[in-house]
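Notes for the one structure printed next.
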Amino acid sequence: MMKRGGWRAVLSGLVFLAAWPCGAAQVTLSLGSIHHAVFEAEDVTVAFDAAHQGEADIRFGRLKIADTEYRALRLHCSGFYFDGRRLDCPRGALHRQDERGRNRPALPFSFAWRADDGFLDFSLRDVDAIAFSPLVKRLRSWQPQGKFDLAVTVEGGRARLGLAVRDLEFATREGDLAGKGIAFSLDAAAERDSGGGWRWNARLDWPRGELYRAPWRRLAGVRMEAEGTLDEKALGIDLARLEIAGLGSVTASVRWDREQGEATDGGFITDRIDLSAAMRDWLQPWLASLDFPVWQVAGHGRLSAEWRGRKLWRFYAGLEDARLADDTNYLELNDVNAHIPWEATAATEAEFSIGSGRFGDLPLGKFELPIRIEGNGARVTNVAAPLLDGRLLIGDLHLANGKSGWRGEFAGGIEDVSMPKLSRALKLPEMAGSLTARIPRIAYRPGLLRLDGALSIAVFDGGIIVHQLRLTEPFSAERRFLAEVTARNLDLGMLTRTFSFGAIEGRFDADLHDLEMRGWHPLRFEARIESSEGEYPRQLSLGALEDITALGERGRPGALARAPERAGFSLGYERIGFSCALKDGVCLLDGVEREGDGVVMMRGRGIPSVSIIGYNRHIDWEALVARIRETISGRSGVVIE
């Protein structure tokens, strides 16, 4: 191993050899290993022609600069000069001699060194990017283009580095990393401290070009200034300020453990940042790679964090007049303001307020959420948010992040919501009264939102119960709704008047099993509707008969043309019953009973009476829905009491 005193001995030997009689023209010197403040070298040999000064070869078995190691390098100098006190290589070329680098172009450089004060100067001027292929592994496969200037100067206990890049373009074979028209500069300086380490400062300026690193694409407009320390164990960034055009600025500090290869301590704090730019340029590309839906974000925010001993210690997020909306047009929040602090060792109180919003087709009014955060969990209790003219009640909302991801629970309900307003908001026929519903418990785990218990709704003078309700992938465009639905003793007359269908008097029960919908579009179910037990009027009007018949054929049927058209004329029936099993877009129809090749869906009774029989058991679901819409379109509904 050779340090500064060893260098002087070697140089003295070189002076002696340089003065040797001309008969010994070729001189080869083995230097073993060399340790310098900037580099380490092993198996070093120097060869030059003492009779013809100006040419020299230096070979390195191993060369390490910073944390990068190279092997089998040959350095050739033209204009070589050495007098024992100074070594100059104004026109050098660096070649890799191993199998991979043997056919790559040489890297041109200049080099100067002085023995008295350890001065070292290394520079590259107007070098083509491809010329770095002897040093940078796999660089040739990137097909780089552009020019580099590099200068490294070490004198005494001081060092400087300057790097300028122009018109840089490259792309990996995989396409996950690419650059176009890049120009940037880096200037750094360092000085030895009393402990043997370095104190440094640096400035980076990137004014032109664009960089793609899957999944992110970034245009130029980045500046950074930093200062810190460097020793054998750690790199310390005591203070760094990063400015990104269109986004904002961040100030940070980091301690990097060089032995472990990871950050152990640090923190950052942002200035007021543009949320739209942050989502577009940074968050959304990452979320898209995880198959999350697109989110539209506007407004401003602030972030800060601190970690100690490789663990997050403190965090803060703030939102200012923000707007959040998912691209599926399902959730929208406006005028959002938030102050969300978190600490690893103490509970904190957060504030979250919303000016207005929308959940599906339901509008939300202004409300505030006081949030208690402790550890990896957050809880909201006893909050009432405006929903139309009623309230959405949050009795208890708890979210926690564990090893399997985020989980949550919700208990609450809806109180005194106007049914006419709710009907219009959901684009349903108008219904009178008000809605109050209690939700015992909704549980969330990754990919699934589930209702525990049952949701009861009183409507059409009867009752509907929804149970086993589940929503899979609730925050993606591929969300699916699954449920079991039971309805009992619903007033058929109120229902048909609501949907502007011909009048049918009676009551019915309905069961909907194995319901699965995607985006409110049914994929499969098994449904059955049949007359309720008990005594009640069972009649249907000619208008209802026409509407039912129209679902199967266009135009007025010939048999109905002979029926009397007078107010109050109706037809009796004994029982209604039919089922539909939907699969692959086709509804398999069944009824009360079979009759020949048909299924009886309504069995008549009395005089006059009517029986309805279907002969096509396989019905295209989309065609059926379109025919229903066509049948009831353009008619004014009746408000239900």
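Mind checking the stretch 329-376 for trypsin sites (Lys or Arg not before Pro) that DSSP puts in a loop (not H, G, I, E or B) and that have at most 15 other Cβ atoms within 10 Å?
On the way: sites: Arg358, Lys366, Arg372; in loops: Lys366.
The qualifying sites are Lys366.
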Length gained if Arg528 through Asp361 is fully extended, taking 0.36 nm per residue and subtracting the Cα-Cα distance, is 57.3 nm
Subtracting the Cα-Cα distance of Ala458 and Trp406 from 0.36 nm times their residue separation yields 15.3 nm
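Taking all protein chains as present, what is the carbon and sulfur share of the accessible area of the chain, in % to the nearest whole number, probe 1.4 Å?
Numbers: 19310 of 35650 Å².
Here it works out to 54 percent.
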With label points set 7 Å from each Cα along the Cα-to-Cβ direction at Ala298 and Asp57, the distance between them in nm comes to 7.0 nm
Residues of the stretch 465-507 with backbone N under 18 Å of the label point set 7 Å from the Cα of Glu535 along Cα→Cβ are 506-507
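Which shape class, rounded, prolate or oblate, goes with the stretch 180-331 when its Cα gyration tensor gives a ≥ b ≥ c as root eigenvalues, a/c under 1.5 marks rounded, and past that a/b bigger than b/c marks prolate?
On the way: a/c = 2.21, a/b = 1.65, b/c = 1.34.
It comes out prolate by the Cα gyration axes.
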Given Cβ charges of +1 for Lys and Arg and -1 for Asp and Glu, the option among Pro207, Gly606, Leu333 whose Cα lies farthest towards the positive end of the dipole of the chain is Pro207
Reported to the nearest 10 Å², Glu227 has, with a 1.4 Å probe, an accessible area equal to 80 Å²
Checking the stretch 134-240 for trypsin sites (Lys or Arg not before Pro) in a loop per DSSP with at most 16 other beta-carbon atoms within 10 Å yields Lys137, Arg138, Arg173, Lys233
Residue separation between Arg114 and Ala171 times 0.36 nm, minus their alpha-carbon distance, gives in nm 16.5 nm
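Tell me whether the stretch 358-465 comes out rounded, prolate or oblate; compute the Cα gyration tensor, take square roots of the eigenvalues as a ≥ b ≥ c, and use a/c under 1.5 as the rounded threshold. Mind dumping the intermediate values first?
On the way: a/c = 2.38, a/b = 1.76, b/c = 1.36.
Because a/c hits 1.5 or more and a/b exceeds b/c, the stretch 358-465 counts as prolate.
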Here, Glu99 and Ala344, labelled 7 Å along Cα→Cβ, have an inter-label distance in nm of 4.8 nm
On the formula 1/(1 + (r/R0)^6), with r taken between the Cβ atoms of Leu312 and Ser185 and R0 of 56 Å, the FRET efficiency rounded to 0.05 is 0.95
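Suppose R0 equals 60 Å. What FRET efficiency, 1/(1 + (r/R0)^6) with r the Cβ-Cβ distance, do Asp257 and Glu516 give to the nearest 0.05?
Details: r = 51 Å, r/R0 = 0.86.
About 0.70, to the nearest 0.05.
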Between Ala277 and Arg629, the FRET efficiency computed from the C-beta separation at R0 = 56 Å comes out, to the nearest 0.05, as 0.80
In the chain, taking the dipole from +1 charges on Lys and Arg beta carbons and -1 charges on Asp and Glu beta carbons about the Cα centre, the listed residue (Leu455, Thr68, Trp113) farthest towards the positive end is Trp113
To the nearest 20 debye, the chain has a Cα-centred charge dipole, built from +1 on Lys and Arg Cβ and -1 on Asp and Glu Cβ, of 1220 debye
Computed over the chain: longest principal axis from alpha-carbon atoms vs helix 4-18 long axis, angle to nearest 10 degrees, is 50 degrees
By the Cα gyration tensor axes a ≥ b ≥ c (a/c under 1.5 gives rounded; else a/b larger than b/c gives prolate, otherwise oblate), the shape of the stretch 276-431 is prolate
Residues whose modelled amide H sits under 5 Å from the amide H of Ser532, counting only those 5 or more places away in sequence or on another chain, are Arg507, Phe508, Asp509
So the angle from the long Cα axis of helix 621-632 to the longest Cα principal axis of the chain, reported in degrees to the nearest 10, equals 50 degrees
Two pseudo-spin positions, 7 Å from Cα along C-beta at Glu368 and at Ala581, lie apart in nanometres by 5.7 nm
Candidate cut points under GluC sites (Glu not before Pro) in the stretch 157-218, DSSP loop plus at most 16 other Cβ atoms within 10 Å of their own Cβ, are Glu174
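Could you give the accessible area per residue of the stretch 163-242, probe 1.4 Å, as a whole number in Å²? Walk me through the numbers before you get to the answer.
Details: 4780 Å² over 80 residues.
Per-residue accessible area for the stretch 163-242 comes out at 60 Å².
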The convex hull of the Cα atoms of the chain, divided by residue count, gives a volume in Å³ per residue of 205 Å³
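The values are calculated or read from the model by the stated rules, or taken from the named source; none is laboratory data. Everything numeric here is computed off the predicted structure, so don't read it as measured data. Glycine gets a Cβ as well: all are built from the backbone with ideal geometry, and neighbour counts include every protein chain shown. Calculation scope for accessible area: heavy atoms of the full protein, side chains included, ligands and nucleic acids excluded. Shrake-Rupley method; radii C 1.70, N 1.55, O 1.52, S 1.80 Å.
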